[in-house]
Amino acid sequence: MSQEKINFNAGPAALPLQVLEQSAAAVLNYNNTGISILELPHRGAEFLAILEESKALVKELCNIGDDYEVLWLQGGGRLQFAMIPMNFLGKGDTAGYIDSGHWAAEAMEYAAYYGHVDVMGSSRATNYDHLPEWPTHIPDNLKYLHITTNNTIFGTQYQHIPRVNVPLVADMSSDIFGCERDYNQFDMFYAAAQKNLGTPGVALVVIRKSMLTHLLHSLPPMLSYKAQAKENSILNTANVSGIYVSLLMLRWIKHQGIKNIIAANERKARMLYDAIDNSSLFTTHVKNTADRSNMNVCFTAKDKATELAFLQLCAENNIVGLQGHRMTGGFRVSIYNAIEESAVIQLVELMKKFETNG
Ligand SMILES: *Cc1c(COP(=O)(O)O)cnc(C)c1O
């Protein structure tokens, strides 16, 4: 995190100071090559080393084996919304989607261009203030079930994901490496990097290799997982600097230790939810404590004047990025892996001060 301001933005989100410093140094001179990371050839030995180390670190941190393919693709999260049905859903086929938030719904809309969508639960009617009930029966003929592990806009998150009888595909854009997961239970998972894993325009895509055997459509190579895997994610000019920042994040996560990050995330979230629950001015969007996200904490003030006054107080104290999404209003405090506990402590102290001063 930069030292000037505490940045609670949802994405692009704060990066650890160490990653910013290493990125800055690489912009001037990458690893003593005498050229900038912004100029580094995507087919040269240096970038190949970046790719190999990043793929190996993803496997190590996820505790997955060589039966998975790790890809770094462009187009962010949304292109994955399209590529998943393009690659896995034929005309006349059906895929299951759990409609747990805005991004989940958008993924579902993209799938409808290619095949049938079976909505296996939705909390849309109450503005996604809880997680939909997990489906009791999942038809065997579904090509896959798509879920969103953390709902970035509404602040809900699956803590536990049951095993399913069809391929499981998960959008982990806003909580990858941030909570306990058995990554082996997923046949595919992906994450737009700008939340927990780097900068915009990069998507981490991890696919079980066996999924690549039953691709249906004949697709232009850029849109085909199989072609991207075959070309080692450098089918075209890769986002060299973006992938490098993700590698720096992966190294940072490994250095912190995933267990320590998860424990810190739980402490940060508890601190903030406690402050909100004990306040007479603020209320959380998500009432069911089991559904609450430890990544995005969404809450509202008792009225608009209180909301604006608190935002103003935060700004005066160099705390930025906590306006809620336009679909929820109020506040959203994104406390991803890179956010230090001291930042949350400062916010909570400010909330208490605001409460006593009226
Ligand atoms: C941010 C986000 C996306 C969208 O990512 P883009 O890179 O902007 O397309 C998708 N899914 C989730 C869960 C997100 O938080």
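The values are calculated or read from the model by the stated rules, or taken from the named source; none is laboratory data. Given the structure is predicted, the values throughout are model-derived calculations rather than measurements. Here Cβ is always computed from backbone atoms with ideal geometry, including for glycine, and neighbour counts include all displayed protein chains.
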So which residues in the stretch 227-249 are farther than 23 Å from Tyr30 by Cβ and buried (at least 17 other Cβ atoms within 10 Å of the Cβ)? Gln228, Ala229
As an exercise: evaluate Thr126 against (1) over 22 Å from the mean Cα position of the chain (by Cα); (2) surrounded by fewer than 17 Cβ atoms within 10 Å (Cβ to Cβ); (3) over 25 Å from Ala290 (Cβ atoms) and give the number of the one condition it does not meet. (3)
(1) modelled with pLDDT of 95 or more; (2) surrounded by fewer than 18 Cβ atoms within 10 Å (Cβ to Cβ); (3) outside any helix (DSSP H, G or I) all hold for Phe299 apart from (2)
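Results for (1) of a type in the set (A, V, I, L, M); (2) over 14 Å from Leu51 (Cα atoms); (3) not assigned by TED's automatic domain parsing to the domain that holds Ser293, shown as yes or no for each residue.
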residue	(1), (2), (3)
His160	no, yes, yes
Pro167	no, yes, yes
Ser173	no, yes, yes
Gln185	no, yes, yes
Ile207	yes, yes, yes
Ser218	no, yes, yes
Pro221	no, yes, yes
Asn232	no, no, yes
Within the stretch 180-199, the residues that are within 11 Å of the ligand (Cβ to nearest atom) and farther than 21 Å from Tyr225 by Cβ are Gln194, Lys195, Asn196, Thr199
Restricting the search to the stretch 318-358, which residues are under 30 Å from Gln18 (Cβ atoms) and either of a type in the set (Val, Ile, Thr) or outside the structural domain of Met295 (by TED's automatic domain parsing) (or both)? Ile319, Val320, Val333, Ile335, Ile339, Val344, Ile345, Val348
Quickly run through the stretch 85-103 and pick out the residues that are within 12 Å of the ligand (Cβ to nearest atom) and crowded, with 23+ Cβ neighbours inside 10 Å. Ser100, Gly101
Out of the residues in the stretch 133-150 meeting the condition of being away from the ligand (no atom under 16 Å from the Cβ) and touching a helix residue (DSSP H, G or I) at 6+ places or on another chain (Cβ under 7 Å), tell me which one is farthest from Ser174 (Cα to Cα). Lys143
Residue set Ala290, Ala309, Ala315; condition closer than 28 Å to Tyr190 by Cβ, at pLDDT 95 or above and outside the structural domain of Lys59 (by TED's automatic domain parsing); output residue Ala290
Just wondering, is there one or more residues in the stretch 208-223 that are within 16 Å of the ligand (Cβ to nearest atom), assigned to a helix (DSSP H, G or I) and closer than 26 Å to Ile98 by Cβ? yes
Would you check if Thr284 is polar (S, T, N, Q) and surrounded by fewer than 18 Cβ atoms within 10 Å (Cβ to Cβ)? no
On the given criteria, is Ser173 polar (S, T, N, Q), surrounded by 24 or more Cβ atoms within 10 Å (Cβ to Cβ) and touching a residue at least 40 places away in the same chain (Cβ under 8 Å)? yes
Being β-branched (Val, Ile, Thr) and in contact with a Leu (Cβ under 7 Å, 6 or more places away or on another chain) is true for just one of Ile98, Ile50, Ile64. Which residue is that? Ile50
Among the residues listed as Val205, Val166, the single one being at pLDDT 95 or above, more than 15 Å from Val245 (Cβ to Cβ) and away from the ligand (no atom under 14 Å from the Cβ): Val166
